[in-house]
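A short write-up of the structure that comes next.
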Amino acid sequence: DKGGHKHFMAKEIAEQPMVISDLLQAYLSEDGHSIDLPEGGIDFNKIDRLTMVACGTAFYACLTAKYWFEQLAGIPVEVDIASEFRYREPPVAGRTTAVFVSQSGETADTLAALRYCEGRADSILSVVNVPESSIARESDLALPIYAGAEIGVASTKAFTCQLTVLLLLALKAAETKGRLSAEELTDKLSLLRGVPGAINQVLEADQTFRAATRLLAESDNALFLGRGLMFPLAYEGALKLKEISYIHAEAYASGELKHGPIALIDKKMPVVVMAPKDQLFDKTVSNMQEVMARGGKVLLITDREGAAEAGDGVCQSLIMPEIDPILTPILYALPAQLLAYHTAVAKGTDVDQPRNLAKSVTVE
Ligand code: M6R
């Protein structure tokens, strides 16, 4: 049942405020001041390092979490693609917790990576949507993301729910390690409870996103750029676009632009820049100007302040609600999804069942 939507993907995008609210209700204490992990929880004082392993969109959720764990909790994190990790014979030394993120919980490479860590890692944690899946069952602790069934091959609500659970974990770690006071944690949690409302605001501006996709739908290529927490998001935006609209899209950390990809820039290359007005904004803007100076057409996703500061020359700005900097990945997942969705609809591709892809990749 598509619930009145044209595609499952549209329905699942629209469900995000609701599923994230449910998720927060499941993980937060009644007074909303603390994070309750399931029985057998995790003691972050006993963990020196996290090794996070996943595929596709779940891998980008892990990449985002690396920024959170390192910045908020000071815990070093390694992130790996499951198909690489499993054959490299990586040493899993010391007090390492291995974390596996998977919507289906059945991805063959992720499961094999998990089995490799059995008997090597101190403990095995998974972040899954399907609680009875193999990955959940074979973990010491499985954290559900409560996204509900996801039918569209392109992952949407599972991604934002994965991000939310991983952020809760990073906040819990920061509190345990004494890097966040009880008061600061309460503050962050109350901001987090504002995310579903902010997502609703983005969904209400859906028309703007649809209008913005003309540039992409007419192109054969696109580049996505982001810095810091927006770097993994750029990857997610590019993956969504190529999966369902078949447009060749690549993502780069903005700072990498002049190390090669800038050679691709001409007037036929739309460049999607994801940049909320944060500490790194000015740096991203200067990369963006390098693109515009070479005729590249920039689609800037930012907030009001960012749009005002970006100045002239941007082909199109999409204005996002203002939000605490650590929460931007969850909110900016929406434009990544909406741009891909509307581009695919404009091109007439099969949004829910894109060619050559399977929802659950159970063979390597
Ligand atoms: O079920 P999983 O989360 O383990 O799946 C991982 C990837 O196959 C998946 O995220 C894939 O990249 C999606 N089609 C992305 O939209």
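The values are calculated or read from the model by the stated rules, or taken from the named source; none is laboratory data. Only a predicted model underlies this, so the values are computations on that prediction, with no experimental measurement involved. When we count neighbours, we look across all protein chains shown, and the Cβ atoms used for this are built from the backbone with ideal geometry, even at glycine. Protein only, heavy atoms only, side chains kept; ligands, DNA and RNA dropped before computing areas. Shrake-Rupley method; radii C 1.70, N 1.55, O 1.52, S 1.80 Å.
Quick notes
- Residue check, residue 185 more than 14 Å from the ligand (Cβ to nearest atom), open to solvent by less than 30 Å² (accessible area, probe 1.4 Å), over 26 Å from residue 56 (Cα atoms) and of a type outside the set (Val, Ile, Thr): yes
- Residues of segment 223-252 satisfying the condition of being outside any helix (DSSP H, G or I), open to solvent by 10 Å² or more (accessible area, probe 1.4 Å) and under 21 Å from residue 324 (Cα atoms): 227, 228, 229
- Checked against the criterion of being within 16 Å of the ligand (Cβ to nearest atom) and either within 19 Å of the chain's Cα centre (by Cα) or modelled with pLDDT of 95 or more (or both), segment 350-359 contains one or more residues that satisfy it.
- Counting only helices (runs of 4 or more DSSP H) wholly contained in segment 1-75, the ones carrying 3 or more residues that are farther than 30 Å from residue 364 by Cα occupy 16-27.
- Residue within segment 57-70 that is away from the ligand (no atom under 16 Å from the Cβ) and either at pLDDT below 95 or of a type in the set (S, T, N, Q) (or both) present: no
- Selection count where residues are assigned to a loop (DSSP other than H, G, I, E, B) and either away from the ligand (no atom under 12 Å from the Cβ) or more than 16 Å from residue 54 (Cα to Cα) (or both), scope segment 144-155: 8
- Residue pairs whose Cβ atoms lie under 8 Å apart, sitting 6 or more positions apart in sequence or on different chains, and linking a residue in segment 249-262 that is farther than 12 Å from residue 232 by Cα to a partner that is open to solvent by 10 Å² or more (accessible area, probe 1.4 Å) and of a type in the set (A, V, I, L, M, F, W, C), are 249/239.
- For segment 35-48, the criterion of being free of Cβ contacts under 8 Å to residues at least 12 places away in the same chain, open to solvent by 20 Å² or more (accessible area, probe 1.4 Å) and not basic (Lys, Arg) is met by at least one residue.
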